[in-house]
Each structure stands twice: as C-alpha cells, then as structure tokens.
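To start, the structure under review is shown below, and the notes come after it.
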Amino acid sequence: MTTRQLAPEDVSFLIGLVQRHSGIVLPPEKAYLFESRLLPVASRFGCADLRCLIDRLRTRPGTDLLEATVDAMTINETSFFRDSRPFDQLRRQILPQLLERRAAVRRLRLWSAAASTGQEAYSLAMCLEEAGERLRGWQVEILASDISVSAIAKAQKGSYSQFEVQRGVPAPLLVRHFTQNGKQWQVKPGLKKYVRFFQHNLLSPPRFSGSVDIVFLRNVLIYMDEPTRRRIVGHILSRLASDGYLFVGSTESLTGLVEGLVPVPGAHAVYQPVAAATTRATPAASRPTTANRPAETGIRRGLSSMTIGSS
Ligand SMILES: C[S@@+](CC[C@H](N)C(=O)[O-])C[C@H]1O[C@@H](n2cnc3c(N)ncnc32)[C@H](O)[C@@H]1O
C-alpha cells in the first residue's frame, strides 16, 4: 500500500496521532512522508505494510509502537552553530551578563530543549569552553533533551560525519574538540562531560528539578499550533530562572503568545521573564537585593540532587 492509496481517514488518523503525542502538526501535503518513514517502523514491528501498521495503531498501539511512530515523523534537521547569531549573542551579550550575576554561586545550567542529534548542545558546550578562565571552578551543566529516542541516541554517541561537522564547526574548534575516527568525528570527552542527554516530550512538564539559566528552544515551535506553543512555553517558564534567558528560532516570535516574557533589548529572538526586565529598569540603588533569589534557590535545590526522567 503506498501513501497515494492511503484512505483520507487513514491520513487524518496518522496526522491526529502524531499531533496528539508530540504537538507536531503535519500538513496533509506532507502525507507522502508516511510511506518512507513508517514502512521501516512497520517492518520492525512485524507488519508487512502500512495497512497492518495503521490497524495496529488503531487497535493496540502500545507505548513502544507509538514512540517509534512519532519518532519516525519528527524533523531532526540541525547543524552545529545553526544560524550563528544566537551563539554570537550568547557569547557577546548574555554569557557576560550571567557570569557577573552568578559570580557568587558559580553555577550555570543550560537546556537545549529540542536538541535533536546533539549539535546544538555541543555548540553551547564549545561556547562555554571559550569562556575558559572566567568559568574555572564553576559548576556548569548543559541538559539536552528531545522527544526522539533515535536522535538522542545519536547525540549521546557524539559521532558525526565529515559533512555534519563541516556544517558549522570552524577548523580550530574541530581540532580542539573532536578526534577523527575513520570517516567519523568523535566529540572529545572534555566537551562531552558538560552535556547530559535524555528523552523528554515538551508537552509534559520537565521532570528534572531546579531551574535553568538559559534555554534554547529553537526551531521546534514552528511545527506546533498556537495552544501547543503556549503550553510548551509555559512548561519552559516553570523552570527558567527569574533572570534567565529563552532563545527561540529566528522566525519564532513569542510576542503576544504568553504573558510574562519580554524580548531582550539589543538581541534577536531572545526573551526574559518580565521580572528580570523590571529589575533591569530599576536603578541599582533602589533594587531589592533578593532579586535573583528564585533562580539561586532553584539551582541550589537542583544541581546536587538532579533527577532526569523520560516522559
Ligand atoms: C528541527 S529540529 C531543531 C533542532 C535544534 N533545536 C536546532 O535548532 O537545530 C526539531 C526537533 O524538535 C523535536 N521535537 C518535536 N516535537 C517535540 C516534542 N513534543 N518534545 C520534544 N522534542 C520535540 C524533534 O524531534 C526535532 O529533533
């Protein structure tokens, strides 16, 4: 059975299933993807064709089959230092500010929340490495999660093809942070140690404790409808430090989507909780000294006993 032969109700069933379990809204014109992506899933689960797979999904899906079906329909396009601007903003504007504000606690936690195959998280780790001396003795952690089990498995491996590293890793950073292993480039342990990968569905609240200082939530909201985007951003805000930063994709404006977030002046596609903006606008002399308390408390609570679960 080819996609052309899929009955319209089968196409709507699959589109609905993917949306319910991931938030991803697949337009009907992308229905041709079902065949190429779901046939391998069908054969893995003992089905000879899509008809059998769809029947199984309708009658007795089970978690493994649902997870594999959704995984197969995710779009994992990514690259190292993708779009470059967010990483430049991080290096030049955001990190220096945070390093100053966290100087007393010397802890920093980042979250790549739709990490795909790991390039974004390792790019963040390379940015932190560049901070060098300024981070000596700090406790630094990058959480990196994605709904796709297969993407997270690749990310954890940290092994990339020549083509993948050429898409974004400058030669000096390649030499410094990767070792060549045949045709593959392996992320060195010195970089890997910063990143903790785990599967997580953004439709659910985060399962780790404590707050994060910077969240990269890039190029995932574009696949969602507005209520889903609002729900996901709400979950993210529940973990973002009161003076933390939320980076989204360059075309993913959050303006008007949720209350309590404002764009960071002088940056593109970076947002902060309103409380942080208010603090920024208040003259230092009249600023309450406890302005950062929620963030610091969260970090203290979270880092030593952080538990990471999958959803
Ligand atoms: C296009 S990639 C973006 C990767 C990276 N953030 C970047 O900008 O290069 C989108 C990722 O979002 C993930 N994703 C989609 N829906 C998700 C959900 N509900 N929860 C977690 N991750 C999701 C996909 O699996 C995919 O890896």
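The values are calculated or read from the model by the stated rules, or taken from the named source; none is laboratory data. What you see is a predicted model, and the numbers here were worked out from it, not measured in a lab. Positions of Cβ are backbone-derived with ideal geometry, glycine not excepted, and every protein chain shown enters the neighbour counts.
Does Arg101 meet the test of being away from the ligand (no atom under 16 Å from the Cβ), touching a residue at least 60 places away in the same chain (Cβ under 8 Å) and buried (at least 22 other Cβ atoms within 10 Å of the Cβ)?
Criteria not met by Arg101.
When the residues of segment 130-158 are filtered to those that are modelled with pLDDT of 95 or more and acidic (Asp, Glu), which remaining residue is farthest from Leu174 (Cα to Cα)?
Residues of segment 130-158 that are modelled with pLDDT of 95 or more, as a first pass: 138-158.
Narrowing the set further to residues that are acidic (Asp, Glu) leaves 141, 146.
Details: Glu141: 21, Asp146: 25 Å.
Filtering segment 130-158 for residues that are modelled with pLDDT of 95 or more and acidic (Asp, Glu), the one farthest from Leu174 (Cα to Cα) comes out as Asp146.
Given the condition within 16 Å of the ligand (Cβ to nearest atom) and farther than 29 Å from Val41 by Cα, answer yes or no: does some residue in segment 143-164 qualify?
Taking every residue of segment 143-164 in turn, none turns out to be within 16 Å of the ligand (Cβ to nearest atom) and farther than 29 Å from Val41 by Cα.
Check segment 20-37 and report whether any residue there is farther than 30 Å from Ser250 by Cβ, part of a helix (DSSP H, G or I) and within 16 Å of the ligand (Cβ to nearest atom).
Taking segment 20-37 first, the residues farther than 30 Å from Ser250 by Cβ are 35.
When the remaining residues are screened for being part of a helix (DSSP H, G or I), the result is 35.
In the following step, the residues that additionally are within 16 Å of the ligand (Cβ to nearest atom) were identified as none.
No: segment 20-37 contains no residue that is farther than 30 Å from Ser250 by Cβ, part of a helix (DSSP H, G or I) and within 16 Å of the ligand (Cβ to nearest atom).
For Leu108, only one of the following conditions fails: (1) closer than 17 Å to Val195 by Cα; (2) assigned to a helix (DSSP H, G or I); (3) more than 16 Å from the ligand (Cβ to nearest atom). What is its number?
Condition not satisfied by Leu108: (2).
Answer yes or no as to whether Ala155 is part of a loop (DSSP other than H, G, I, E, B), crowded, with 16+ Cβ neighbours inside 10 Å and not hydroxyl-bearing (Ser, Thr, Tyr). Even if it seems obvious, please write down each step before you answer.
Details: part of a loop (DSSP other than H, G, I, E, B): no; crowded, with 16+ Cβ neighbours inside 10 Å: yes; not hydroxyl-bearing (Ser, Thr, Tyr): yes.
For Ala155, the condition - part of a loop (DSSP other than H, G, I, E, B), crowded, with 16+ Cβ neighbours inside 10 Å and not hydroxyl-bearing (Ser, Thr, Tyr) - is not met.
Exactly one of these conditions fails for Asp71: (1) among the acidic types (Asp, Glu); (2) more than 11 Å from the ligand (Cβ to nearest atom); (3) over 19 Å from Tyr194 (Cα atoms). Give me its number.
Among (1) among the acidic types (Asp, Glu); (2) more than 11 Å from the ligand (Cβ to nearest atom); (3) over 19 Å from Tyr194 (Cα atoms), the lone unmet condition for Asp71 is (2).
Before we move on, is Glu29 among the charged types (D, E, K, R), at pLDDT below 95, exposed (fewer than 13 other Cβ atoms within 10 Å of the Cβ) and not assigned by TED's automatic domain parsing to the domain that holds Arg109?
Values: among the charged types (D, E, K, R): yes; at pLDDT below 95: yes; exposed (fewer than 13 other Cβ atoms within 10 Å of the Cβ): yes; not assigned by TED's automatic domain parsing to the domain that holds Arg109: yes.
When the stated conditions are applied, Glu29 passes them.
Looking only at strands (runs of 3 or more DSSP E) that fall completely inside segment 168-208, which ones have 1 or more residues that are more than 17 Å from the chain's Cα centre (by Cα), modelled with pLDDT of 95 or more and closer than 15 Å to Lys157 by Cβ? Lay out the reasoning, then the answer.
Numbers: elements: 178-181, 184-187, 195-199.
Output list reads 178-181, 184-187.
Does Ile54 satisfy the criteria of being of a type in the set (A, V, I, L, M, F, W, C) and over 24 Å from Ser204 (Cβ atoms)? Before the answer, list the steps.
Working: of a type in the set (A, V, I, L, M, F, W, C): yes; over 24 Å from Ser204 (Cβ atoms): yes.
In short, yes.
Search segment 129-151 for residues being under 17 Å from the mean Cα position of the chain (by Cα) and farther than 26 Å from Arg20 by Cβ, and hand back the single one that is surrounded by the fewest Cβ atoms within 10 Å (Cβ to Cβ).
From segment 129-151, those under 17 Å from the mean Cα position of the chain (by Cα) are 141-151; that's our starting set.
Remaining after also requiring farther than 26 Å from Arg20 by Cβ: 141-142.
On the way: Glu141: 22, Ile142: 27.
Filtering first and then ranking leaves Glu141.
Can you tell me which residue within segment 212-225, out of those that are in contact with a strand residue (DSSP E or B) (Cβ under 8 Å, 6 or more places away or on another chain) and within 16 Å of the ligand (Cβ to nearest atom), is nearest to Lys30 (Cα to Cα)? Let's see the steps before the verdict.
Step one: of segment 212-225, the residues in contact with a strand residue (DSSP E or B) (Cβ under 8 Å, 6 or more places away or on another chain) are 212-218, 221.
Filter once more, keeping what is within 16 Å of the ligand (Cβ to nearest atom): 212, 214-218, 221.
Working: Val212: 36, Ile214: 33, Val215: 30, Phe216: 27, Leu217: 24, Arg218: 22, Leu221: 18 Å.
Within segment 212-225, the match that is nearest to Lys30 (Cα to Cα) is Leu221.
Of the residues Asp64, Asp83, which is out of contact with any helix residue (DSSP H, G or I) (no Cβ under 9 Å at 6 or more places or on another chain), among the acidic types (Asp, Glu) and within 14 Å of the ligand (Cβ to nearest atom)? Reasoning before the result, please.
Working: Asp64 fails: within 14 Å of the ligand (Cβ to nearest atom).
Result of the check over Asp64, Asp83: Asp83.
Would you confirm whether or not segment 111-118 contains a residue that is out of contact with any Lys or Arg (no Cβ under 8 Å at 6 or more places or on another chain), at positive phi and within 15 Å of the ligand (Cβ to nearest atom)? Walk me through it before giving the result.
Just the residues of segment 111-118 that are out of contact with any Lys or Arg (no Cβ under 8 Å at 6 or more places or on another chain), to begin with: 112-113, 115-116.
Okay, now just the ones that are also at positive phi, so 116.
Retained after the next criterion (residues that are within 15 Å of the ligand (Cβ to nearest atom)): 116.
Scanning segment 111-118, I find at least one residue that is out of contact with any Lys or Arg (no Cβ under 8 Å at 6 or more places or on another chain), at positive phi and within 15 Å of the ligand (Cβ to nearest atom), so the answer is yes.
Considering only segment 183-211, state which residues are more than 15 Å from the ligand (Cβ to nearest atom) and closer than 25 Å to Trp138 by Cβ. Walk me through how you get there before you give the answer.
Our first condition is that a residue be more than 15 Å from the ligand (Cβ to nearest atom); within segment 183-211, this holds for 183-194, 196, 209-211.
Passing the criteria: Val187, Lys188, Pro189, Gly190, Leu191, Lys192, Lys193, Tyr194, Arg196, Ser209, Gly210, Ser211.
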